[in-house]
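K.L.:
Starting off with a structure, shown below.
Please treat every number below as a calculation from the coordinates, not as lab data. Keep in mind that what you see is a predicted model, and the values were worked out from it rather than measured. Neighbour counts run over all protein chains shown; Cβ positions are idealised from the backbone, glycine included.
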Amino acid sequence: MIDLGEREQIHGDVNQAEDVYGLLPEFVEEMRLTLEGEDPDEVAKAVQALVLPLHYADQADLIQDLPTDARATLIKALRGEFNAEILPELNDYVRDEVVEILGYHDLASALGELDSDDALYVVAQLDEEEQATVLERLPPETRTVIQQGLSLPEYSAGRLMQREMVAVPAYWTVGETIDYLRSAARLPDDFYVIYVVDPRHRPVGLVRLSTMLRHQRRIRLREIMGEEMPLISTTADQEEVARLFRDRDLMSAPVIDASGRLVGRITVDDIIDVIEEEAEDDMLRLAGVAEVDLYRAVIDTVKARVSWLGVNLLTAILASMVIGLFSATIESVVALAVLMPIVASMGGNAGTQALTVAVRSLATKELTQANAKRILGKELVVGLLNGAIFALLIGGIAWVWFGRPEIGWVIAAAMVINLAVAGLSGIAIPLALERLNIDPAVASAVFLTTITDVVGFFAFLGLAAAFLVP
């Protein structure tokens, strides 16, 4: 068994040499073997010595990397020393396992150690019955905060915000504020801004710590506060909030309720999670997958994926029906059967390139109805130019391959047509779906595949029927 000193040496050598962060595979395997020990007390002692020095994000990775049985043993060995910060870092399915092992009493105790936004996030992932059970075991103040958060829309600023913040009146002096910060029992672990509020607790300005520390104690906050600050509503969509942080280069921003009262703050670490989550969501939806199912049960994974595979089957049948219309043409010119997948494949890839850019640009508001015509025109030209380039290439190959120049001209013309349609469709389909209030990331790929396959086969085989068959 690797002892703690050896393990730190291994990780230290790797980090210094290659700037690698996280867990080594050897450490995970050694942990798995350690958890198979027969003496529970010895196992618990060895596990705590190895795991507790790790950062909570690494502890979360370790829990996820282990098999289910070893995972349960690890949680039981850490029960008395379990770091609550692990919970928000876990995959949803793994977190469900951990919650079941911990039990509702220990889960409630762990939630009390988290920031309000992290505690709300963990509770929000539970089903309604589990939420009620956990909330009953929370202190009244914590319970009220979480219930208020759960009443707000999902994916809203109110779900992201931290209740922990520093808010003081404008008439306070720098000295009074510093004395308050030194003596206050409950302050955020990290903060860089002090919010200045009026008697109704509405934000009127902010003072950065760096600004305050440069002024004498007698100076009042109203004299040094900045009044320009974005105010975020509790119901604002998290994507809009993330874009605001990106555009304004914000580190934190105040959140207000419907009456304009300051109720919390959003910090950049939460925004990083939002950006990652939204990007991941778009990527998965483009592939027809609802969520990351790496830790999901086999049957559940099959159920989640089979619906989109069924849709793809229908689109494949439609493309096959188009091919069936030209069966006589294919029988007359066998070379068509060899070449026709090339046109459809190139169209699909070209369309996917444009589609990926369009979906992401719509999500970041870079592609709008205002510039849609210009972008559509650009993609049409790009499709025509790419089509011309590859038309010359595949046309020449087909000519040499089958010894018939007319076959080269047919596939070249079909290539230009399909790549132009693919580029145009890759932009037009997401725009149309967004106008219909349908998530472009969900349905675009299915429509695009159908169009490029049908147009590709129809153009190639139609031209072949017109010019190659007597």
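K.L.:
Can you tell me, using C-alpha contacts under 8 Å and at least 6 residues apart, the relative contact order of the range 4-153 as a whole percent?
P.N.:
Once divided by the residue count of the range 4-153, the mean separation gives 17 percent.
K.L.:
Counting only other residues whose beta carbon sits under 10 Å from that of Asp270, what net charge do I get with K and R as +1, D and E as -1?
P.N.:
Residues close to Asp270 contribute a combined charge of -3.
K.L.:
Could you let me know the centre-to-centre spacing of the range 414-470 and the range 377-394, using Cα atoms, in angstrom?
P.N.:
First find each Cα centre; the distance between them is then 14 Å.
K.L.:
Where a ≥ b ≥ c are the square roots of the eigenvalues of the C-alpha gyration tensor, would you call the range 195-267 rounded, which needs a/c under 1.5, or, failing that, prolate if a/b is larger than b/c, or oblate?
P.N.:
It comes out oblate by the Cα gyration axes.
K.L.:
May I pose another question? Grab the DSSP H runs of the chain that are 4 residues or longer, score each as -39,500 (n - 2.57), total them, divide by all residues and round the 222 nm result to the nearest 500 deg cm²/dmol.
P.N.:
For the chain, the value works out to -21500 deg cm²/dmol.
K.L.:
Which of the lysines could be linked to Lys373 by a straight reach, that is with a Cα gap under 18 Å, when you skip same-chain ones fewer than 8 residues away?
P.N.:
Once the sequence-local lysines are set aside, what remains near Lys373 is Lys365.
K.L.:
Over the range 298-467, what is the relative contact order in whole percent, taking alpha-carbon pairs under 8 Å and six or more residues apart?
P.N.:
Relative contact order for the range 298-467 comes out at 36 percent.
K.L.:
Further question: 5 Å is the cut-off here: which amide hydrogens, built 1.01 Å from N in the peptide plane, fall below it relative to Thr234, excluding neighbours closer than 5 in sequence?
P.N.:
Ile256
K.L.:
Roughly what % of DSSP beta bridges within the chain run antiparallel, to the nearest 5?
P.N.:
Roughly 75 percent of the beta bridges in the chain run antiparallel, per DSSP.
K.L.:
From Cα pairs below 8 angstrom and at least 6 apart in sequence, can you work out the relative contact order of the chain, rounded to a whole percent?
P.N.:
10 percent
K.L.:
Is the C-alpha gyration tensor of the range 298-467 telling us rounded, prolate or oblate? Criteria: a/c under 1.5 is rounded; beyond that, a/b larger than b/c is prolate, otherwise oblate.
P.N.:
oblate
K.L.:
Return the aspartates and glutamates within reach of Lys45: Cα separation strictly under 15 angstrom, same-chain partners fewer than 8 residues apart disregarded; answer none if there are no such residues.
P.N.:
Asp3, Glu30, Glu36, Glu81
K.L.:
Which log10 I(q)/I(0) values, to two decimals, does the range 58-104 give at q = 0.13, 0.14 Å⁻¹ under the Debye formula with one point per Cα?
P.N.:
Computed log10 I(q)/I(0) values: -0.22, -0.26.
K.L.:
What is the order of Asp453, Asp115, fewest Cβ neighbours within 10 Å to most?
P.N.:
Asp115, Asp453
K.L.:
Using per-residue counts of other Cβ atoms within 10 Å, averaged over each peptide, order 257-270, 320-333 from highest down.
P.N.:
257-270, 320-333
K.L.:
Pull up all non-local amide H partners of Gly205: gap of 5 or more, or a different chain, and H-to-H distance under 5 Å with H placed in the peptide plane.
P.N.:
Result for Gly205 returns Val196.
K.L.:
Here's another thing I want to ask about it. So how do 358-371, 148-161 stack up, highest first, on mean other-Cβ count within 10 Å?
P.N.:
Listed from highest to lowest mean packing, they are 148-161, 358-371.
K.L.:
Now, a different point. For Glu26, Glu278, Glu228, what ranking results if the residue with the fewest other Cβ atoms within 10 Å of its Cβ goes first?
P.N.:
The most exposed by this proxy come first: Glu228, Glu26, Glu278.
K.L.:
If N is the number of residues in the chain, what value comes out of its Cα radius of gyration divided by 2.2 N^0.38 Å?
P.N.:
1.31
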